[in-house]
Amino acid sequence: MTALPDAPPAVAPPRPPGRSASPRSRGPRLVRTALAYVCLLTVALLVLVPFASMVSSSLKRNNEVLTVPVEWVPREFRWSNFVEIWDRIPMTTYLGNSVFLSGAITLLQLLTGSFAAYGFSKVRFPGRDALFLAYIATIAVPWQAYMVPQYIMMQRAELTNTYWSIILLQAFGAFGVFLMRQYYMSIPDDLCEAARIDGLSEYGIYWRIMLPLSKPALASLALLTFVNTWNDYMGPFIYLTSNELWTVQLGLRSFVGQYDTEYAMIMTGAVLSVLPIVVLFLIGQRYFIRGIATSGLK
Amino acid sequence: MAHAITRSASDSPPRRRPAWHRIIIGWSFILPNFLGFALFTLIPMLAAFVLAFLKWDSYNTPEWVGLENFRRLLRDENFYVALRNTLYYAVGHIPLTLVAALGLAVALDRKLRGVQFFRTAAFFPYITSLVAVAVVWNMLFNPTAGPVNQLLHALGVDDPPRWVASTDWAMPAVIVTSVWRDMGYYMVLFLAGLQTIPKEYYEAARVDGAGAWQRFWRITLPCLRPTTFFVVVMLTIQSFKVLDLIVVMTDGGPGRSTLVLAQLVYREGITEGRFGYSSAIALVLFVIVLAVTVVQFRLNERSSTR
């Protein structure tokens, strides 16, 4: 919608072939730039309104959240909400649990994913490509289609209601292998060949050459995995029943279920649950976007 | 270990030696990931197919019943409700997200000071957890004092919908929320696609007097075809398996108005413990996704060879 032309095409005069920057063309260009900014600002505003209302509500009293008309700026900033929430729900435990789970899964995914990706990209052996195809094929199968067999397995192994269930189910994803392999494929084989001639073993090549070279891809994978695990709801929801194991997402959801009228407190919790990810994203944005753009898959 | 390998390999003809060696080296790299992958993804995936033909709940021993689960499915009213709702969601979510993502990408694909800020802003919803997203949008959609309905009031709508509190409007509310969340993600894919279009095309079109609207339809869209196709396929798969947003936002309600297939699988399988029956539903879900994807690939082939 914002892609609409800045001026109706019929009015736009055909450009003179020379494209000389005459002083006359500067005026319309300025207007055009201003118009573009107005469009962009409108879009950004629409996209960010839910965030604004989340933050502003988190600084209000409960009865000030849903008012007619809407008050975008709180009458008084109740920073005390951010102190109170720690007493209302065990926020420290939830945050700690989320950090632990996301960290453990990210680490395992990075290690096993990059290791396997080396095998899939730099070691030639029969059956390799067929196996890789099997990996890729599973990415297209919706997880929802096999969540029940997974659950039965975990139940029989008595791993439900432990972190093991979530870590084991999420740490060996095909996605990590895929992302890392795509990157390794772009590193020339000659480099490995030269290292082999110099007497480096395959493991040495992986550890001393490929890993240092693939830092951007590792950063992408780490960020994507961490954010996905942090935000994951269904995994912890299915497997973790004891309160002391809950992640931020489960804790917040349960708080909403119990105190659905305490809008301000709920929003305070929401802000706290989103904040670490926002900070992480802003720091590593470049890698994050690149990871998505190159792999195209979640 | 390396010694053992070379010794056993030296018995075979010299030319085969590197092959064996490489197989072992290759597998040693893949194995740590493959063990976890096979055990926790591949086996459950295959098991899901078998389970669909079993009668099995948490207490009794599994029993082969052939197509009985599927026959039961055809009599289950919940299945039809969930199927219809899933289609409803897909039909709303796919085109809206596509248009929003493409619009954002085209708008943000220009050299302006600060454009990076806007790209970041558009991507923000995607990294926000679904619980937070659901919490905020449920508040925005509040029927009496929510900002959405206040805006509609101001625009002259006397009787605005009750959104998540009404059976007719809960699904549109979910769709709006999911479009808002996902558009930034697909925008990134479109932005990557836009980078591949040679700038000369636009220059040439300008010289020929083509306006911005014409340039969009005649150059941008045709050149983006591969990206658009990929995005549509991804969106389709994503729409049919929608689960977590529904669970945290409406939990299938009010009534059964937002109950979707994946949620039915969850309820029957994990809440109720009917493993066989839920796997049958999951299999149907999988076959639908597969069929739609295959049809999309066929259509894409046909129109690109034309």
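The values are calculated or read from the model by the stated rules, or taken from the named source; none is laboratory data. Small disclaimer: the values here were computed from a predicted structure and weren't measured. Glycine also receives a Cβ, built like all others from the backbone with ideal geometry; neighbour counts cover every protein chain displayed.
Scanning region B:103-118 for residues that are facing another protein chain (nearest Cβ under 8 Å), buried (at least 21 other Cβ atoms within 10 Å of the Cβ) and under 23 Å from the mean Cα position of the chain (by Cα) gives B:Leu104, B:Val106.
Going through (1) at pLDDT 90 or above; (2) outside any loop (DSSP other than H, G, I, E, B); (3) more than 30 Å from B:Trp64 (Cα to Cα) one by one, B:Tyr266 falls short only on (3). With respect to B:Ser304, is the statement that it is touching a Pro at 6+ places or on another chain (Cβ under 8 Å) and part of a helix (DSSP H, G or I) true? In short, no.
Which one of A:Glu193, A:Glu158 is free of Cβ contacts under 8 Å to residues at least 12 places away in the same chain and on the phi > 0 side of the Ramachandran plot? Working first, answer last.
Working: A:Glu193 fails: on the phi > 0 side of the Ramachandran plot.
Exactly one residue qualifies, and that residue is A:Glu158.
Only a single item in (1) modelled with pLDDT of 85 or more; (2) at the interface with chain A (Cβ under 9 Å from one of its Cβ atoms) is not met by B:Ser58, and it is number (1). Looking across region A:223-249, the residues that are surrounded by fewer than 22 Cβ atoms within 10 Å (Cβ to Cβ) and among the aliphatic types (A, V, I, L, M) come down to A:Met234, A:Ile238, A:Leu240, A:Leu245.
Helices (runs of 4 or more DSSP H) wholly in region A:180-298 with at least 1 residues that are facing chain B (nearest Cβ under 9 Å) and modelled with pLDDT of 85 or more - which ones?
Details: elements: A:189-197, A:202-205, A:215-231, A:234-239, A:248-258, A:263-295.
Output list reads A:202-205, A:215-231, A:234-239, A:248-258, A:263-295.
In region B:251-289, of all residues being touching a residue at least 60 places away in the same chain (Cβ under 8 Å) and either outside the structural domain of B:Ala82 (by TED's automatic domain parsing) or basic (Lys, Arg) (or both), the one that is surrounded by the most Cβ atoms within 10 Å (Cβ to Cβ) corresponds to B:Arg274.
Annotation: B:Gly184 fulfils all but one of (1) over 30 Å from A:Pro50 (Cβ atoms); (2) in contact (Cβ under 8 Å) with a residue 60 or more places away in the chain; the unmet one is (1). Check A:Val99, A:Val123, A:Val148 and return the single one that is in the same structural domain as A:Thr229 (by TED's automatic domain parsing) and at pLDDT 90 or above. Testing whether each residue is in the same structural domain as A:Thr229 (by TED's automatic domain parsing) and at pLDDT 90 or above leaves just A:Val99. Of the residues making up region A:118-133, just one is facing another protein chain (nearest Cβ under 8 Å) and under 25 Å from the mean Cα position of the chain (by Cα), namely A:Tyr118.
Looking across region A:145-164 at every residue that is hydrophobic (A, V, I, L, M, F, W, C) and not in a helix (DSSP H, G or I), the one that is nearest to B:Val50 (Cα to Cα) is identified as A:Ala157.
Of all the numbered requirements in (1) within 9 Å of chain A (Cβ to nearest Cβ); (2) more than 28 Å from the chain's Cα centre (by Cα), B:Met183 misses one, and that requirement is (2). With (1) more than 7 Å from chain B (Cβ to nearest Cβ); (2) under 22 Å from the mean Cα position of the chain (by Cα) as the list, and A:Thr160 as the residue in question, which single condition is left unmet? Among (1) more than 7 Å from chain B (Cβ to nearest Cβ); (2) under 22 Å from the mean Cα position of the chain (by Cα), the lone unmet condition for A:Thr160 is (2).
Within region B:141-160, track down each residue that is crowded, with 22+ Cβ neighbours inside 10 Å and at the interface with chain A (Cβ under 9 Å from one of its Cβ atoms). Selection gives B:Gly146 alone. Within this structure, B:Phe37 passes the test of being modelled with pLDDT of 85 or more, under 24 Å from the mean Cα position of the chain (by Cα), buried (at least 19 other Cβ atoms within 10 Å of the Cβ) and not β-branched (Val, Ile, Thr).
Would you confirm, using the coordinates I've provided, whether A:Ser242 is more than 21 Å from the chain's Cα centre (by Cα) and of a type in the set (Gly, Ala, Ser)?
Yes.
Set side by side, the residues A:Ile167, A:Ile139, A:Ile105, A:Ile89 differ, and just one is surrounded by 23 or more Cβ atoms within 10 Å (Cβ to Cβ), more than 9 Å from every other protein chain (Cβ to nearest Cβ) and touching a residue at least 24 places away in the same chain (Cβ under 8 Å), which is A:Ile105.
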